[in-house]
Amino acid sequence: MNIEKFIVPPGKKINLKDYKPDYTGNYKNKEEAIEKLESNIIKLSRLQDVLYASNTYALLITLQAIDAAGKDGMIKHIMSGVNPQGCQVYSFKSPSHEELDHDYMWRCLKVLPQKGNIGIFNRSYYEEVLVVKVHKELLEKQNIPKIKNYEKLWEERYEDINNIEKYLHRNGIINLKFFLNISKEEQKLRFLKRINTPEKNWKFSISDLNERNYWDDYMKAFEDMLNNTSTKYSPWYIIPSNNKWFSRMVVSEIIVSTLESLDLKYPEVTDEHKKELLKAKSILESEK
């Protein structure tokens, strides 16, 4: 699979309408994609072990999308084979009073993955140029200096984000950013399924329906985000997500390919350590 086709080209402007949410490439049935996903889950388990042992890089997976795009299921399926000790998931919802008393990136930056680990952001600091951009009244709660020019504010936030992500990249934190792209009709179907399935009722809130009224505003905010924050060192991937079996497979493929490109290796032990191992082996084997 050519994963490059899902990248938002850095420095170029894209039109989100050109990206089809129901695209499935050469995969005509989900069985083939599921088989590939299962293979990648096994590979990811092995790669995570080497990532942890090498203790040089950290992997940050950032998921952004409209409601019901499949972020939770994405995490559940792709990460089903990893060691929980080396993987942390954080969901960022409405900020608390404490979080509002800090800069807008604080709550995310303080839980970045440490070296050797995988961190997953279910939503992230990008909410500050998405939901906050759609609902500008939220800025009033952020205790920031008076805003004279909203357009300049968003430009400054894009710049802040790009600078932070360049810093993270230079320090070995690889940030894979996925925008899960679904259609408005698909969101409707998923909302109805949550309403019609008792065990899924808890996942639906009337506020989800209210936010749906801002669909066009959100799509414009997503497009602006993608165009302004897809960089060479931290590009965005637009993942067609009407078909969950395809989106999960594609994301798993990108994660595995990225980790493989790092050429990770287990640490080499010193000659002195090898002598200690041989000594320990001799002692253990001589035990009665």
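Counting only residues that are at pLDDT 95 or above, acidic (Asp, Glu) and more than 16 Å from residue 247 (Cβ to Cβ), how many does the range 1-30 have?
Count: 1.
For the range 58-88, which residues satisfy the criterion of being closer than 27 Å to residue 223 by Cβ and surrounded by fewer than 16 Cβ atoms within 10 Å (Cβ to Cβ)?
Result: 72, 73.
Of the residues 179, 191, which single one is under 30 Å from residue 54 (Cβ atoms), surrounded by 16 or more Cβ atoms within 10 Å (Cβ to Cβ) and touching a Leu at 6+ places or on another chain (Cβ under 8 Å)?
That would be 179, the only listed residue that is under 30 Å from residue 54 (Cβ atoms), surrounded by 16 or more Cβ atoms within 10 Å (Cβ to Cβ) and touching a Leu at 6+ places or on another chain (Cβ under 8 Å).
Would you mind stating whether residue 270 is among the hydroxyl-bearing types (Ser, Thr, Tyr) and under 22 Å from the mean Cα position of the chain (by Cα)?
Considered against the rule, which asks whether it is among the hydroxyl-bearing types (Ser, Thr, Tyr) and under 22 Å from the mean Cα position of the chain (by Cα), residue 270 comes out as no.
Which members of the range 132-142 meet the condition of being in a helix (DSSP H, G or I) and touching a residue at least 40 places away in the same chain (Cβ under 8 Å)?
133, 134, 141
Under 6 Å between Cβ atoms, which residue pairs at least 6 apart in sequence (or on different chains) link something in the range 253-266 that is within 19 Å of residue 38 (Cβ to Cβ) with a partner that is of a type in the set (D, E, K, R) and in a helix (DSSP H, G or I)?
256/43
Do we have residue 55 as in contact (Cβ under 8 Å) with a residue 12 or more places away in the chain, surrounded by 16 or more Cβ atoms within 10 Å (Cβ to Cβ) and closer than 25 Å to residue 115 by Cβ here?
Spelling it out, it is not the case that residue 55 is in contact (Cβ under 8 Å) with a residue 12 or more places away in the chain, surrounded by 16 or more Cβ atoms within 10 Å (Cβ to Cβ) and closer than 25 Å to residue 115 by Cβ.
Give me the pairs: first residue in the range 147-173 and under 13 Å from residue 126 (Cα atoms) and at pLDDT 95 or above, second residue among the hydroxyl-bearing types (Ser, Thr, Tyr) and in a helix (DSSP H, G or I), beta-carbon distance under 7 Å, and six or more apart or on different chains, which are they?
158/229; 161/125; 161/229; 162/229
How many residues, within the range 2-48, are over 18 Å from the mean Cα position of the chain (by Cα) and of a type in the set (Val, Ile, Thr)?
4
If we scan the range 140-163, do we find a residue that is under 23 Å from the mean Cα position of the chain (by Cα) and within 25 Å of residue 70 (Cβ to Cβ)?
Yes, some residue in the range 140-163 is under 23 Å from the mean Cα position of the chain (by Cα) and within 25 Å of residue 70 (Cβ to Cβ).
Here are the criteria: (1) buried (at least 18 other Cβ atoms within 10 Å of the Cβ); (2) touching a residue at least 40 places away in the same chain (Cβ under 8 Å); (3) not β-branched (Val, Ile, Thr). Tell me which single one residue 204 does not satisfy.
(2)
Looking at residue 241, is it surrounded by 18 or more Cβ atoms within 10 Å (Cβ to Cβ), at negative phi and among the polar types (S, T, N, Q)?
Yes; evaluated as a whole, the condition is true for this residue.
Are there helices (runs of 4 or more DSSP H) fully within the range 206-288 with at least 2 residues that are among the β-branched types (Val, Ile, Thr)? List them.
In the range 206-288, 244-261 are the helices (runs of 4 or more DSSP H) which contain 2 or more residues that are among the β-branched types (Val, Ile, Thr).
Conditions tested, residue by residue: (1) in contact with a strand residue (DSSP E or B) (Cβ under 6 Å, 6 or more places away or on another chain); (2) in a loop (DSSP other than H, G, I, E, B); (3) more than 22 Å from residue 230 (Cα to Cα).
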| position | (1), (2), (3) |
| --- | --- |
| 74 | no, no, no |
| 78 | no, no, yes |
| 104 | no, yes, no |
| 144 | no, yes, yes |
| 154 | no, no, no |
| 158 | no, no, no |
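I'd like the full set of residues that are of a type in the set (Lys, Arg), more than 15 Å from the chain's Cα centre (by Cα) and within 24 Å of residue 78 (Cα to Cα), limited to the range 205-251.
244
Being under 24 Å from residue 16 (Cβ atoms) and assigned to a helix (DSSP H, G or I) is the filter here; which residues of the range 165-191 pass it?
165, 184, 185, 186, 187, 188, 189, 190, 191
Which residues, counting only those in the range 7-26, are surrounded by 13 or more Cβ atoms within 10 Å (Cβ to Cβ), closer than 23 Å to residue 257 by Cβ and not β-branched (Val, Ile, Thr)?
Result: 9, 10, 19, 21, 23, 25.
The values are calculated or read from the model by the stated rules, or taken from the named source; none is laboratory data. A quick note: this is a predicted structure, and the numbers were derived from the prediction, not measured. Note that each Cβ is placed from the backbone with ideal geometry, even for glycine, and that neighbours are counted across all protein chains shown.
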